[in-house]
Amino acid sequence: MGKKVYAIKEGFNSNTNQKIENKIVNTWAECLKYVKGVKGAKYKSFEDINEAKKFLNDAGNTLTKADNNYPKDCLHIYVDGSYNSSTEEYSYGMVAVQNEVVLHIESGTGKSESEKNIRQIAGELEGAVKGAQYALGRGEKKVLIFHDYVGICYHATGFWERREESSKEYYKKMQELMKSGLEILFVKVDSHTGDLFNELVDEKCKEKLGIKSDKVVEKWLQKNIINVANLDVKEEIFKLAPKDGNNIIVVNSVDNDVDKKDNNVNKKDKEEIRVYGFNDIINEYNTDPGAANILIDNLSNKEKTNFIKYLLECNVEIAGGNSEFLKK
């Protein structure tokens, strides 16, 4: 066995009060001086100095949203996780966005089977896997995963050493997805900095566990609009901002893409989604006709035809001269 060297990607010299970056040292004792007690320290031991240099030169294939140098012309997935210490449950969330239109929102809960309690990290890892699976199911060839936990990238690519069973399983699943033909790029987002889609997925995670949020999405929607692909997505956001439904706009620019998103949904499930959406328009009309008109205007021609058939099937009448929808 050759003599080890230690590559320090990020550390800190407490004697000089300076940050240490991309430094190779020959002993563990010297490495320890720069990494012990340093939050976010990144280092690794090698028997081959060339491998150590490669480690320092490899950025882990991650981009940063602040640099604005990431591809804009493909599917974007925002992921996050949360944790309820009283129930020991974690939650995951993923928000799919394309051309600034929210296509899909998904969240769920679980309990980690890891011997070490990794808290919300379990949710963040699951959210990334769900996001990649969603992209593959839509037939995408490339997807960007936006995350605030850098391990989403480093565990998926193998840049970090995997010690916990959860990170090993995550690496396995992500590698399988990548090998299936899906190119995955990772973009780091600073948490709780007001990034709308990152705040949206964060609040959906908290909502799933009954944890109070800072209501950033609600505050944002008081002055801005958000475009969504369908009424189901609108409903998910509406739960976070019930007073701002008029600013959640259903658009048609991604109808064709949305149709690809889930080839496994059976006909009955699609019928239930369709009926729910039309009921939502009717309820909206009774409370806010203007908002309902926007929803109707944004339906595709096929959806408008189906909406008319639905009204006829349900014996919806126009009452008097006030054009109010009434369902018998």
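A P(r) calculated from all alpha carbon pairs of region 104-251, with 5 Å bins opening at zero, reads 2, 9, 17, 19, 19, 16, 10, 5, 2, 0 percent. Ranked from largest to smallest solvent-accessible area, with a 1.4 Å probe on the protein heavy atoms, Phe238, Phe46 come out as Phe238, Phe46.
You can think of it this way: the chain between Asn99 and Asn283 has 63.4 nm of extra reach, that is 0.36 nm per residue less the Cα-Cα gap. Heavy-atom surface analysis with a 1.4 Å probe gives region 1-145 a carbon and sulfur content of 42 percent of its accessible area.
Beta carbons within 10 angstrom, averaged per residue: use that to sort the peptides 161-169, 80-88, highest first.
Working: 161-169: 14.9, 80-88: 18.1.
Descending mean neighbour count gives 80-88, 161-169.
For region 21-166, the solvent-accessible area works out to 50 Å² per residue, with a probe of 1.4 Å and every protein chain left in place. Once the other residues with Cβ under 14 Å from the Cβ of Lys215 are scored (Lys, Arg +1; Asp, Glu -1), what is the net sum? Summing Lys/Arg as +1 and Asp/Glu as -1 gives 0.
Applying a 10 Å radius around every beta-carbon, put 92-104, 176-188, 148-160 in order of their mean neighbour count, most first.
Per-residue Cβ counts within 10 Å, averaged per peptide and sorted highest first, yield 92-104, 148-160, 176-188.
How high is the FRET efficiency from Ser213 to Asn26, r the C-beta distance, R0 56 Å, rounded to 0.05? Step by step, r from the Cβ atoms, then E = 0.70. Computed from backbone phi, the HN-Hα couplings of region 40-52 come to x, 4, 10, 7, 7, 9, 9, 9, 10, 5, 5, 5, 5 Hz, rounded to whole numbers (Karplus: 6.51 cos²θ - 1.76 cosθ + 1.60, θ = phi - 60°; Gly and Pro given as x).
Computed on protein heavy atoms with a 1.4 Å probe, the accessible areas place Lys130, Lys9 in the order Lys130, Lys9, largest first.
The values are calculated or read from the model by the stated rules, or taken from the named source; none is laboratory data. Source: prediction; values computed, not measured. FYI the Cβ positions are ideal-geometry reconstructions off the backbone, even for glycines, and counts take in every protein chain you see. Accessible surface areas use protein heavy atoms only, side chains included; no ligands, DNA or RNA. Shrake-Rupley method; radii C 1.70, N 1.55, O 1.52, S 1.80 Å.
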